[in-house]
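Nothing in this text is a laboratory measurement; each read-out follows from the coordinates by a stated rule. Bear in mind that the values here come from a model prediction, so they are computed numbers and not experimental data. Reconstructed Cβ throughout: ideal geometry from the backbone, glycine too, with neighbour counts over all protein chains shown.
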Amino acid sequence: MKNQSFIKKLTYAVDGFFYAVKQEHNMRRHLAAALLAVLLFAWLQPAALWWALIVLCIALVWAAELINSALEGLIDHLHPQIHPQIKHVKDMLAAMVLVFSVAAVIIGLLALYSCL
């Protein structure tokens, strides 16, 4: 994979994103929530700073969900048996997504409050 063109690497990244959306139910939920947030912000027209924060939140939640899904898939492939330590690892990965999601909701609510 080294020394490939930027376009080829970009294609891999786009393929990975669409694979996650197709395969992961939570990724589709995050995508729907992001679209709803963008439409709501387009309607309310908050200040540019709030736009920047919400776009950053969307990116962080998507990135966390991609990391979570990728690592869970790898873990399940390498160690398909149930193991207590693996359960803890998966729980922590899910907690990472939850932390980013809660922060995104709080920032979204603050942005909405600023528009009122």
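Between Tyr113 and Ala32, how high is the FRET efficiency from 1/(1 + (r/R0)^6) when r is the Cβ-Cβ distance and R₀ = 22 Å? Nearest 0.05. Walk me through the intermediate numbers first.
Numbers: r = 23 Å, r/R0 = 1.03.
So the FRET efficiency works out to roughly 0.45.
Sum -39500 (n - 2.57) across every DSSP H segment of at least 4 residues in the chain, then divide by the residue count to get the 222 nm mean residue ellipticity, nearest 500.
Here the helix-only value at 222 nm equals -31000 deg cm²/dmol.
For labels at Ala70 and Ala94 in the simple 7 Å Cα→Cβ model, what's the distance in nm?
2.2 nm
State the number of lysine pairs found in the chain whose Cα atoms come within less than 30 Å, restricting to pairs 8 or more positions apart or on distinct chains.
7
Which whole-Hz ³J(HN,Hα) couplings does segment 100-116 yield from phi under the Karplus relation 6.51 cos²θ - 1.76 cosθ + 1.60, θ = phi - 60°, glycine and proline marked x?
Each residue of segment 100-116 in turn: 5, 5, 5, 4, 5, 5, 4, 5, x, 5, 5, 5, 4, 4, 5, 7, 7 Hz.
What is the ratio of the Cα radius of gyration of segment 6-115 to 2.2 N^0.38 Å, with N the residue count, to two decimals?
This ratio for segment 6-115 stands at 1.24.
Report, in degrees rounded to the nearest 10, the 0 to 90 angle that the Cα long axis of helix 48-78 makes with the longest principal axis of the chain.
Result, in degrees: 10.
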